[in-house]
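The block underneath contains the structure these notes are about, expressed in C-alpha cells.
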Amino acid sequence: MSSFGSDSPFLLLAKIKVKEDRISEYLELADITDKAVEDIEPGMLHHTFDQDPEDPLSFVWSEAYKNDDAFLAHLANPAIGEYLKKHPILADDFTVEVYGTVGEKCLEVMVSTGVPFKVFQTILGFSRL
C-alpha cells in the first residue's frame, strides 16, 4: 500500500479502568457488545477485550478496522451506543489511541464522541490487513 488515508486499515486501542466493584457488570457489557460487533460489522477485522496482567481493573479493546467506513459503521451499531451510555457508570477512565491515518470526516466523528482520541498518523510502512 503506497498511500494511507480514509480507505486504508487502522488499529485502535481503547484503554479502560473499570471501577473495582463493577468488573463483572463491565465484563457482561463487553461480552454483549463484542457479540453485536461480530454479528453486524464485517469491516471490523479484529475485536478483542484484553486484561492488563498487572492490574485486574485495566482493560484494552484491541480493534482493527478495514477503513474509515468500518469505523463509522461501528459507531452506528446500536450496541456501541448502549456501551458508551453505560461505560461511565461502570468505569473511571477511557482513552483511545488510533494507529494509522484516517480521513477528515472520520477524525471529526471521533472528536464528536467526547472520548479522548489520540491519532498516530502513519508516515511510512505497509499494511496487509
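The values are calculated or read from the model by the stated rules, or taken from the named source; none is laboratory data. Given the structure is predicted, the values throughout are model-derived calculations rather than measurements. Here the Cβ is made from the backbone with ideal geometry for all residues, glycine too, and neighbour counts use every protein chain on show. Surface accessibility is based on the protein's heavy atoms, side chains included, excluding ligands, DNA and RNA. Shrake-Rupley method; radii C 1.70, N 1.55, O 1.52, S 1.80 Å.
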Inset, instruction - Would you work out what percent of the accessible area of the chain, with all protein chains in place, is carbon or sulfur (probe 1.4 Å)? - result: 55
Legend entry - Cβ charges +1 (Lys, Arg) and -1 (Asp, Glu), total dipole of the chain, debye: 340
Legend entry - Semi-axes of the equivalent ellipsoid for segment 1-89, Cα gyration tensor, largest first, Å: 25, 15, 10
Inset, instruction - Can you pull the one-decimal nm distance between simple spin-label points at Val111 and Asp39, each 7 Å off the Cα toward Cβ? - result: 3.5
Inset, instruction - Pull up all non-local amide H partners of Ser8: gap of 5 or more, or a different chain, and H-to-H distance under 5 Å with H placed in the peptide plane. - result: Asp68
Legend entry - Cα centroid of segment 8-43 to Cα centroid of segment 51-72, whole Å: 7
Legend entry - Projected-area mean, segment 51-96, by convex hull of Cα positions, square nanometres: 3.9
Inset, instruction - List, largest first, the extents of the alpha carbons of segment 76-129 along their principal axes, each in whole Å. - result: 40, 22, 22
